[in-house]
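Following: one structure in structure tokens, then a few remarks.
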Amino acid sequence: MFLMATSAVGPGFIVQTTTFTVQLGAAFAFAILVSILVDIAVQLNVWRVIGVSGRRAQELANTVLPGAGWFLAALICIGGLVFNVGNIAGTGLGLNVLFGIDPKIGGLVSAAVAIAIFLSKRAGVALDKIVIVLGAVMILLIGYVAIVSKPPLGEALRNTVIPDNIDFLIITTLIGGTIGGYITYAGAHRMIDAGVSGPENVGEITRSSILGIIITGVIRVLLFLAILGVVAGGVALTSDNLAAEAFQSAAGNIGLKLFGVILWAASITSVIGAAYTSISFVTTARTSPRVRSIATCVFIAVSATVFTLLGQAPATLLIMAGAVNGLILPVGFAVILWVAWRRRDLLGGYVYPQWLLVSGVAAWLLTLYLGYRSLGGLVQLWT
């Protein structure tokens, strides 16, 4: 659950939340609420089908339609690799804020840390513990800044249910950023790798999926409140790095250093999550843990090499990866819903709850719109 949550909370998540808070103010609370509800509908279905079947998403897809799983795996790996370059860039910026070192050196050091985690003898245990610790650190530090910035809680609460402004484009963007691409499968794949699967574990599967979404939501809400307090206080955020400026305005130089810690923690956990999940799509349950760990290290090393050569993920590649991520959710989620509806044999005879299936279909229709929107990113490449 923490892997899913921390994978969702990357550098893009921080920029996105800050930008939309500055744009909408307290009304952004409603968009957060709606996105969390849709996230729950999607993740409950994804975790339940993958968890009960004990099979990864690409294995289910290949069973339903031969070759579909490899197509899905290709989409995941392309998007994961490009965004991981951005994640490594985020770690470099975080260390630059903290220690003033060159962002490229900071990115390479962080990539080495991530590789060391996967090379450890008990990589799975190390991964789980590290993402839990870093997730807790992010919650505590963002929570502190949210308190000292003194946001208008009453106004935020009112806008949660009676918003002054509703922006559906922002809502769909939030949903895509939280459960788009590899993020959808990060927690579920880690869960079955940890041995939690089968109809007898439905309760634990459900609790883990909901808790993962709640953790992501809590971090988003705290970050929203931290920025809202600054904006509501009359501070005009105008720099290229709105989040860093907001944290510094709220808590001085300490706030700026805290932002560096938060950015590094968010970025390194996203590096880990993107690499782990991408490799989980090109390996199987029969692949030895050692081979899987080495493949994950190679994935991170390639991402770091691209970052070193280019300094960041090129804008064209980011647009393409964003478009690919937008297509992953409707394609992959369609397979999940089909298994839930028509392939009880893959679920060990488990009777799938109708209410969960209906809520999943409703969320899937929204993902179709997200996918359609993402195609606009590809159009931009040719116009």
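For region 354-383: of the residues being among the hydroxyl-bearing types (Ser, Thr, Tyr) and modelled with pLDDT of 65 or more, which is nearest to Phe168 (Cα to Cα)? Step through it out loud before you land on a result.
Narrowing region 354-383 to residues among the hydroxyl-bearing types (Ser, Thr, Tyr): 359, 367, 369, 372, 374, 383.
The next check asks that each one be modelled with pLDDT of 65 or more; those that pass are 359, 367, 369, 372.
Values: Ser359: 19, Thr367: 13, Tyr369: 11, Tyr372: 14 Å.
It comes out as Tyr369.
Any residue in region 332-353 that is part of a helix (DSSP H, G or I) and at pLDDT below 70?
Of all residues in region 332-353, those part of a helix (DSSP H, G or I) come to 332-342, 344-347.
Those left that are additionally at pLDDT below 70: none.
Within region 332-353, none of the residues are part of a helix (DSSP H, G or I) and at pLDDT below 70.
Against the definition (more than 22 Å from Leu327 (Cα to Cα), assigned to a helix (DSSP H, G or I) and touching a Gly at 6+ places or on another chain (Cβ under 9 Å)), how does Ile215 come out, yes or no?
Answer is yes for this residue.
Yes or no, residue by residue, for (1) among the polar types (S, T, N, Q); (2) closer than 24 Å to Trp47 by Cβ; (3) in a helix (DSSP H, G or I):
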{"residue": "Leu174", "(1), (2), (3)": "no, yes, yes"}
{"residue": "Gly181", "(1), (2), (3)": "no, yes, no"}
{"residue": "Gly187", "(1), (2), (3)": "no, yes, yes"}
{"residue": "Arg190", "(1), (2), (3)": "no, yes, yes"}
{"residue": "Ile219", "(1), (2), (3)": "no, yes, yes"}
{"residue": "Phe224", "(1), (2), (3)": "no, no, yes"}
{"residue": "Ala244", "(1), (2), (3)": "no, no, yes"}
{"residue": "Phe259", "(1), (2), (3)": "no, no, yes"}
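Which residues, taken from region 55-85, are under 22 Å from the mean Cα position of the chain (by Cα) and among the polar types (S, T, N, Q)?
The answer is Gln58, Asn84.
Out of Gly12, Gly69, report the one residue that is modelled with pLDDT of 90 or more, assigned to a helix (DSSP H, G or I) and among the small types (Gly, Ala, Ser). Spell out the reasoning first.
Values: Gly12 fails: modelled with pLDDT of 90 or more.
Among Gly12, Gly69, only Gly69 is modelled with pLDDT of 90 or more, assigned to a helix (DSSP H, G or I) and among the small types (Gly, Ala, Ser).
For region 209-248, give me each residue that is touching a residue at least 40 places away in the same chain (Cβ under 8 Å) and of a type in the set (Ser, Thr, Tyr).
The answer is Ser209, Thr216.
State all residues of region 23-81 that are within 30 Å of Thr238 (Cα to Cα), of a type in the set (S, T, N, Q) and surrounded by fewer than 23 Cβ atoms within 10 Å (Cβ to Cβ); if no residue qualifies, say none.
Initially, region 23-81 is screened for residues within 30 Å of Thr238 (Cα to Cα), giving 23-36.
In the following step, the residues that additionally are of a type in the set (S, T, N, Q) were identified as 23, 35.
Scanning region 23-81 gives a single hit, Gln23.
Suppose we filter region 204-220 for residues that are among the hydrophobic types (A, V, I, L, M, F, W, C) and surrounded by fewer than 23 Cβ atoms within 10 Å (Cβ to Cβ); how many remain? So that I can check it myself, show each step before the final result.
Taking region 204-220 first, the residues among the hydrophobic types (A, V, I, L, M, F, W, C) are 205, 210-211, 213-215, 218-219.
Next, only the ones that are surrounded by fewer than 23 Cβ atoms within 10 Å (Cβ to Cβ) stay: 210-211, 214-215, 218.
Final tally of qualifying residues: 5.
Provide a single number: the residues in region 249-291 that are of a type in the set (D, E, K, R) and touching a residue at least 40 places away in the same chain (Cβ under 8 Å). Break it down stepwise before answering.
Narrowing region 249-291 to residues of a type in the set (D, E, K, R): 257, 286, 290.
Narrowing the set further to residues that are touching a residue at least 40 places away in the same chain (Cβ under 8 Å) leaves 257.
Number of matching residues: 1.
Using the structure shown, decide if Gly143 is out of contact with any strand residue (DSSP E or B) (no Cβ under 7 Å at 6 or more places or on another chain), surrounded by 15 or more Cβ atoms within 10 Å (Cβ to Cβ) and within 23 Å of Phe83 (Cα to Cα).
On the way: out of contact with any strand residue (DSSP E or B) (no Cβ under 7 Å at 6 or more places or on another chain): yes; surrounded by 15 or more Cβ atoms within 10 Å (Cβ to Cβ): yes; within 23 Å of Phe83 (Cα to Cα): no.
Criteria not met by Gly143.
The values are calculated or read from the model by the stated rules, or taken from the named source; none is laboratory data. Because the structure is a prediction, the values reported are computed rather than measured. As a convention, Cβ positions derive from the backbone with ideal geometry for all residues, glycine included, and neighbour counts pool all protein chains shown.
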